[in-house]
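Worksheet: one structure, shown below.
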Amino acid sequence: MITIHHLQKSFGKNHVLKGVDLAFDKPGITAVLGPNGSGKTTLIKSILGMVLPDDGNIEVAGKSVRNRWEYRKQIAYLPQIARFPDNLTVKELLSMIKDLRGKAASDQHLIDLFELTPFLGSRLSNLSGGTRQKVNLVLTFMYDCPIIILDEPTAGLDPISMVRLKELIENQRAAGKTILVTTHVMSLVEELAEEVVYLLEGKIHFRGSLKVLKETYGESSVERAIASLLEQQKNTPAFSSNGQPAFVTA
């Protein structure tokens with residue numbers, strides 16, 4: 001569904017993406033991980049057309065996204081920080097997004113799921129961070145898109161809402177969606193993801209299943225495996241673009 005060829009991007013002297021090659025070509029959940037500054041956000045914004053790469057190409061459904069915008073209708077996106085006019089009420093925001101998208105939306109079941117009915121008349125400026133995140137989740141999931149990109153989706157959520165979000169994501173996977181998740185919550189990765197892509201300094205240093213990640217680094221959890229990856233990376237950068245182990249001497 002998404003194919004990325006030799007993606008490169010620099011901001012001034014900061015070379016953020018260094019020839020990234022990736023393909024997300026089957027339904028399921030992939031966790032895109034990496035420390036701050038690793039290139040995750042730039043990669044996602046490049047897919048969305050919010051950042052223009054210096055080199056390389058991105059294809060969605062077999063077509064290059066260059067100089068196109070229609071493909072974005074196939075993507076549901078949850079930003080890490082969503083900014084909307086604070087003077088709008090939740091109901092007004094939902095109506096505005098429906099008008100902008102110009103297509104039928106299914107939001108009532110999501111409003112019920114995250115118990116937002118009492119807040120529909122509230123202005124966004126008066127909502128807590130967790131409630132704003134629930135509104136953002138409704139906006140993300142109210143359209144039936146084949147691709148879903150979630151950037152830190154659990155931020156600010158209470159335990160009940162987190163459980164409901166996980167169930168919602170699992171339902172979307174069961175419906176055959178391609179889902180990319182960036183998160184620092186490794187328990188979320190352990191519970192939901194089938195595959196991990198680990199970015200470090202603009203390059204892919206691991207791609208594979210959680211099982212392979214743990215076996216490769218001899219650890220029992222994703223968190224410990226990532227820590228071992230970082231330790232090993234000090235001496236051997238290392239994973240090939242096709243996702244197979246390729247430990248090489250720097």
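Angle, helix 90-101 long axis vs. longest principal axis of the chain, Cα atoms, 0 to 90°, nearest 10? Here the helix axis deviates by roughly 70 degrees. Taking 22 Å as the limit for the C-alpha separation, the pairs K26/K134; K40/K177; K26/K211; K63/K211; K9/K45 exceed it in the case of K26/K134; K63/K211. Based on C-alpha pairs under 8 angstrom that are at least 6 apart in sequence, segment 2-233 has a relative contact order of 27 percent. A dipole drawn for segment 2-233 from +1 and -1 charges on Cβ atoms has a positive end, and of I147, V51, Y77 the residue lying farthest that way is V51. The phi-based Karplus calculation (6.51 cos²θ - 1.76 cosθ + 1.60; θ = phi - 60°) puts the 3J(HN,Hα) values of segment 68-83 at 10, 9, 4, 4, 5, 5, 8, 10, 9, 10, 10, x, 5, 10, 9, 10 Hz, whole numbers, x for Gly and Pro.
Most simply put, the chain has about 60% antiparallel DSSP beta bridges, counting only bridges with both residues inside it. Looking only at chymotrypsin sites (Phe, Trp or Tyr not before Pro) in DSSP loops with at most 14 other Cβ atoms within 10 Å, what is the longest site-free stretch of the chain? Longest gap between qualifying sites, sites excluded: 70-246.
Placing R0 at 35 angstrom, the Cβ-Cβ distance between V185 and E215 gives a FRET efficiency of 0.95 after rounding to 0.05. In the elastic network of the chain, a GNM with C-alpha springs shorter than 10 Å, the most mobile of N126, N14, N87 is N14. Charged neighbours of L180, selected by a Cβ distance under 11 Å, balance to 0 (K, R count +1; D, E count -1).
Rounded to the nearest 20, the size of the Cβ-charge dipole of segment 2-233 about its Cα centre is 680 debye, with Lys and Arg at +1 and Asp and Glu at -1. By the count of other C-beta atoms within 10 Å, a proxy for reagent exposure, T117, T178 are ordered fewest to most as T117, T178. Give me the log10 of I(q) over I(0) for the chain at q = 0.10 Å⁻¹, as the Debye formula computes it from C-alpha points; what are the numbers? For the chain, the Cα-only Debye profile gives -0.51. Averaging Cα coordinates gives a centre for segment 132-211 and one for segment 3-34; these two points are 17 Å apart. May I ask you to list the residues of segment 1-39 whose amide nitrogen lies under 14 Å from a point 7 Å from Cα along the Cα→beta-carbon direction of D54? The answer is 7-20, whose backbone nitrogens lie closer than 14 Å to the label point.
With K and R counted +1 and D and E -1, the other residues having a Cβ less than 13 Å from that of P85 yield a net charge of +1.
Taken together, the values in this text are just the output of simple stated rules run on the coordinates, not laboratory data. Everything quoted here is computed from the prediction, not taken from an experiment. Reconstructed Cβ throughout: ideal geometry from the backbone, glycine too, with neighbour counts over all protein chains shown.
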